[in-house]
Amino acid sequence: MKRFILKVLILMVVNIVIYNVIMYLLYNKSFLESACTAPRNGEYDFLLMGTSHTQVFYDHIVEKIIQKKMKNLATGAAGVVPEKIFLTCFFEANNKTNQVIYFLDPWALYSSRWNEDNYILQQEGIEYSYLSKLIENKVSTKVVFNYFRDKLTDNSDKFMRELLMPKTISPEKIKPVENLQPDNKEIPSEDSAKVEAGKREARMAQKTPEEQQLANQAEDKQRLEISYNEGLSDKNFSKYSKHVEQIILLAKKNDAAISFIIPPTLMGEMPGHDNVIKLLSELKKKYKTEYFDFALEMQKQEFYWDREHLNVKGVEYFTQNYLKDLVK
């Protein structure tokens, strides 16, 4: 009986220590400032949101052409749930913008992998307010777990790791959420994108026109299988459509106009395209928002470093001929 009571007391002490250490990490901003709230008290003429298709709109290129200050919140593989969280963080950090332009890919509304199960959510710095947003948006427990795990294994000392991780489970045995983007690769920097494009061009130059067509079809098929890993689920589309509406309300609450763009790719209109257009049309009637369908624009390989991501020339062309006219 005494041994049992002793074990209970020890367990209570351990739990109290764990609780206090976690609370310390959550509230001590010197531990690691959240990237979600990195920009503070900033003022921007316009804000870009979206996926990797928007990430390639490098600030120095776009600002030079439009002559206005911008902030890019786009993240590779980001569905509407992560982007809504990032936009919330942006405004809560006392940042301001006149306009939000969301490059909305149809696949962002069809899979939990790009939304509440998205690995990118666990990469932010540890911050209580950010954690609360994960919970509010019903982010999966595995993402939240890995959010803590990454901070403890990557940023804390040996004592912290041993204290907070069971000794029977090594960090190496705990699998993080799969690092898988719709295109299955990280978005390269401006310089490396040129290198990647050059390599692809060299490979394709060795093929006949028929072989090039088959290679493109195979590449498109693989990308679609990854992007739409849960198919065209009406249930998912309905669920994530509500988040699009919440993004509109969030922008309006912060006195920012908002418009949507269907970005161009060499893959044509993506599955679910018509559903997205119908949704944006309904939201336009309800909230007076604008949307622009550029899915079939810029159908030349010279504008892309692969089949769907604009290269520098493509970004410059799109910014000069399309985006510039949309920025108010």
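Overview of values
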item: Exposure proxy order (Cβ contacts within 10 Å, fewest to most) of ARG203, ARG223; result: ARG203, ARG223
item: Ranked ASP45, ASP255, criterion: other C-beta atoms within 10 Å, fewest first; result: ASP255, ASP45
item: Neighbour-count ranking [beta-carbon atoms within 10 angstrom, fewest first] of ILE277, ILE262; result: ILE277, ILE262
item: For the stretch 244-257, Karplus couplings with θ = phi - 60° (6.51, -1.76, 1.60), whole Hz, Gly/Pro x; result: 4, 5, 5, 5, 4, 5, 5, 5, 5, 4, 9, 6, 10, 5
item: Distant-in-sequence amide H partners of PHE292 (H built 1.01 Å from N, under 5 Å); result: PHE260, ILE261, ILE262
item: Whole-Å distance, taken between Cα centres, linking the stretch 208-237 and the stretch 71-86; result: 23
item: Environment charge at GLU316 (Cβ cut-off 11 Å; Lys +1, Arg +1, Asp -1, Glu -1); result: +3
item: Karplus-derived 3J(HN,Hα), 6.51/-1.76/1.60, for each residue of the stretch 206-218, Hz, glycine and proline x; result: 7, 9, 6, x, 5, 5, 5, 5, 5, 5, 5, 5, 5
item: Efficiency of FRET between GLU201 and ASN321 - r from beta-carbon atoms, R0 22 angstrom, step 0.05; result: 0.40
item: Cα-based shape type of the stretch 195-328, given that a ≥ b ≥ c are square roots of the gyration tensor eigenvalues and the cut on a/c is 1.5; result: oblate
item: Of LYS278/LYS328; LYS71/LYS252; LYS199/LYS300; LYS235/LYS278; LYS71/LYS199; LYS68/LYS328, pairs whose Cα-Cα distance is over 20 Å; result: LYS278/LYS328; LYS71/LYS199
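Every number here is computed from the coordinates shown, using simple stated rules; none is lab data. Because the structure is predicted, anything quoted here is derived from the model rather than measured. Every residue, glycine among them, receives a Cβ derived from its backbone with ideal geometry; neighbour counts consider all protein chains shown.
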